[in-house]
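The values are calculated or read from the model by the stated rules, or taken from the named source; none is laboratory data. Predicted model only: the values in this text are computed from it and were never measured. Note that we place each Cβ from the backbone using ideal geometry, even for glycine, and neighbour counts take in every protein chain shown. Calculation scope for accessible area: heavy atoms of the full protein, side chains included, ligands and nucleic acids excluded. Shrake-Rupley method; radii C 1.70, N 1.55, O 1.52, S 1.80 Å.
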Amino acid sequence: MRSPPETSQLDTPSRILMGPGPSMIAPRVLRAMSTQALGYMDPSFLEIMDDIQELLRYTFQTDNEWTLATSGTGTAAMETAIGNLVEPGDTMLVPTNGYFGDRMGKIARRAGGDVVTVDAPWGEPLRPDDVADAFDEHQPDVFGFVHAETSTGVRQPDVPELTDIAHDHDALVLADCVTSLSGVELHVDDWGIDAAYGSPQKCLSCTPGATPLTIGERAREKIQNRDEDTGSWYLDLELIMEYWGDERNYHHTAPTTNFYGLREALRLVAEEGLENRWERHREIAGELRQGLQDLGLEPAAEMEYWLPSLNTVEVPDGVDDTAVIEFLMDEYDIEIASGLGALEGDVWRIGCMGYSARRQNVACLLTAMEEALE
Ligand code: PLP
């Protein structure tokens with residue numbers, strides 16, 4: 001028989017999380033998550049799910065009935081959306097300007113879709129003219145884009161223009177709002193977005209595990225009229241909605257404490273007010289951006305498409321990017337991250353999300369950065 005391994009009681013270091021996620025968990029969310037479990041059909045638990053749906057409709061700015069939390073991380077929501085929207089033989093258009101647009105394409109291919117691309121350099125947003133050209137050339141059924149590209153720190157502007165192009169071509173629009181939801185202006189219905197997912201662990205300052213997803217009427221119609229079932233049973237939205245909707249059929253055991261935490265995180269959004277929250281992110285991240293510039297560091301994303309929740313700054317010539325990251329962690333307990341994919345080694349990624357987006361964190365980070373660069 002194996003003997004039990006020797007471990008110590010959980011004792012994690014106290015970090016300031018200013019990386020690309022997770023962000024620091026809001027204390028009220030932590031408290032909510034230490035609440036005792038309820039059964040997945042307990043009427044009190046079902047009420048919690050109803051609250052989550054209503055709070056998510058506010059946070060996404062949508063009336064979509066199919067608004068829920070997927071059991072899993074952001075990628076599970078991405079896979080749920082794509083796996084249900086893309087049928088074998090469908091064409092999906094995805095961007096090439098970042099790591100997560102590329103992931104959309106990989107998932108669409110596994111769903112049996114033909115993947116075509118609209119190009120923009122890493123570090124720049126998509127241009128509406130290029131999207132229109134890609135539509136004329138490929139006539140895609142689904143267009144996926146990343147509203148807030150965490151690998152480049154770029155916010156996609158002109159969203160209504162992009163959705164108009166897609167709708168003129170009878171296509172559905174899927175938006176990755178993982179790094180924008182509740183931190184950056186987003187209006188799912190007014191902007192004509194057919195389906196969108198967010199993340200609990202970025203601007204919502206909750207733990208990963210229960211991920212916001214919303215599906216509009218056109219998208220829902222397509223899902224309900226598929227020729228064949230989606231390949232994944234676990235991520236089949238029609239089955240999942242039998243649990244979230246009036247039927248209340250068991251599908252899988254909900255991640256109880258994640259739902260408690262998400263509900264509290266969304267209540268914090270509602271209390272602060274979405275517009276105030278967007279403004280707080282702009283203000284605090286604006287101080288960060290300016291402070292970094294005062295240290296001689298250049299932002300990698302233009303102001304026109306700056307993403308307050310994720311700031312990319314260029315690594316100056318002759319500076320070892322990982323040495324700086326290690327210094328911040330070792331000396332100040334601050335987490336930031338290096339570039340991802342094509343920008344590896346070229347930029348640092350500094351998050352300013354949710355509960356982490358506070359002046360005291362920015363001041364501490366700027367002090368640490370100044371010392372690291374000396
Ligand atoms: N999309 C974007 C824009 C992301 O930044 C991430 C993760 O950081 C994901 C999708 C995937 O989310 P997760 O890592 O929670 O599965």
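Numbers for the structure displayed
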item	result
Cross-chain or 6+ apart pairs with Cβ under 9 Å, segment 74-97 first and within 13 Å of ILE215 (Cβ to Cβ), then among the acidic types (Asp, Glu) and more than 16 Å from the ligand (Cβ to nearest atom)	THR80/ASP236; GLY83/ASP236; ASN84/ASP236; ASN84/GLU238; LEU85/ASP141; LEU85/ASP194
Residue check, LEU295 touching a helix residue (DSSP H, G or I) at 6+ places or on another chain (Cβ under 8 Å), buried (at least 22 other Cβ atoms within 10 Å of the Cβ), of a type outside the set (Lys, Arg) and over 23 Å from VAL184 (Cα atoms)	no
Residues satisfying the stated conditions in segment 105-120, i.e. of a type outside the set (Lys, Arg) and either over 19 Å from TRP306 (Cα atoms) or over 21 Å from the mean Cα position of the chain (by Cα) (or both)	GLY105, ILE107, ALA108, ALA111, GLY112, GLY113, ASP114, VAL115, VAL116, THR117, VAL118, ASP119
Matching entry among SER44, SER14 (being assigned to a helix (DSSP H, G or I) and away from the ligand (no atom under 16 Å from the Cβ))	SER44
Any hit, segment 70-83, residues being part of a helix (DSSP H, G or I) and more than 30 Å from VAL142 (Cβ to Cβ)	no
Residue list for segment 279-332, filter: under 21 Å from ARG15 (Cβ atoms), touching a residue at least 60 places away in the same chain (Cβ under 8 Å), in contact with a strand residue (DSSP E or B) (Cβ under 6 Å, 6 or more places away or on another chain) and not in a helix (DSSP H, G or I)	LEU310, ASN311, THR312
Identity of the residue in segment 187-226, aliphatic (A, V, I, L, M), away from the ligand (no atom under 13 Å from the Cβ) and assigned to a loop (DSSP other than H, G, I, E, B), that ends up surrounded by the most Cβ atoms within 10 Å (Cβ to Cβ)	ILE193
Hits in segment 126-138 - residues which are open to solvent by 10 Å² or more (accessible area, probe 1.4 Å) and under 28 Å from GLU314 (Cα atoms)	ARG127, PRO128, ASP130
Leading residue by the ranking (farthest from TYR305 (Cα to Cα)) among those in segment 139-179 that are β-branched (Val, Ile, Thr) and open to solvent by less than 10 Å² (accessible area, probe 1.4 Å)	VAL142
Flag if GLY123 is in contact (Cβ under 8 Å) with a residue 12 or more places away in the chain, among the small types (Gly, Ala, Ser) and open to solvent by 30 Å² or more (accessible area, probe 1.4 Å)	no
Residue pairs meeting the criteria (Cβ under 6 Å; at least 6 apart or on separate chains; first under 13 Å from SER205 (Cβ atoms), in segment 11-38; second in a helix (DSSP H, G or I) and aliphatic (A, V, I, L, M))	MET18/LEU365; ALA26/LEU268; VAL29/ALA265
One residue from GLU238, GLU242, GLU247 being under 18 Å from THR67 (Cβ atoms), part of a loop (DSSP other than H, G, I, E, B), out of contact with any Phe, Trp or Tyr (no Cβ under 6 Å at 6 or more places or on another chain) and open to solvent by 50 Å² or more (accessible area, probe 1.4 Å)	GLU247
Among the candidates GLY345, GLY341, GLY354, GLY318, residue that is open to solvent by 60 Å² or more (accessible area, probe 1.4 Å) and at positive phi	GLY318
Qualifying residues in segment 61-82 (those that are in contact with an Asp or Glu (Cβ under 9 Å, 6 or more places away or on another chain) and surrounded by fewer than 21 Cβ atoms within 10 Å (Cβ to Cβ)) - the one nearest to CYS177 (Cα to Cα)	GLN61
Residue within segment 90-113 that is more than 16 Å from the ligand (Cβ to nearest atom) and either touching a Ser or Thr at 6+ places or on another chain (Cβ under 6 Å) or closer than 30 Å to ARG277 by Cα (or both) present	no
Some residue of segment 65-72 being of a type in the set (A, V, I, L, M, F, W, C) and farther than 20 Å from PRO255 by Cα	no
Criterion (away from the ligand (no atom under 12 Å from the Cβ), in a helix (DSSP H, G or I) and under 20 Å from GLY192 (Cβ atoms)) met by exactly one of ASP164, ASP170	ASP164
Subset of segment 121-136 (residues that are part of a loop (DSSP other than H, G, I, E, B) and either of a type in the set (Ser, Thr, Tyr) or closer than 24 Å to ALA77 by Cβ (or both))	TRP122, PRO125, LEU126
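Conditions (1) of a type in the set (Phe, Trp, Tyr); (2) closer than 25 Å to PRO43 by Cβ; (3) in contact with a Gly (Cβ under 7 Å, 6 or more places away or on another chain), marked per residue:
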site	(1), (2), (3)
ASP194	no, no, yes
SER205	no, no, yes
ARG218	no, no, no
GLU242	no, yes, no
GLY261	no, yes, no
GLU264	no, yes, no
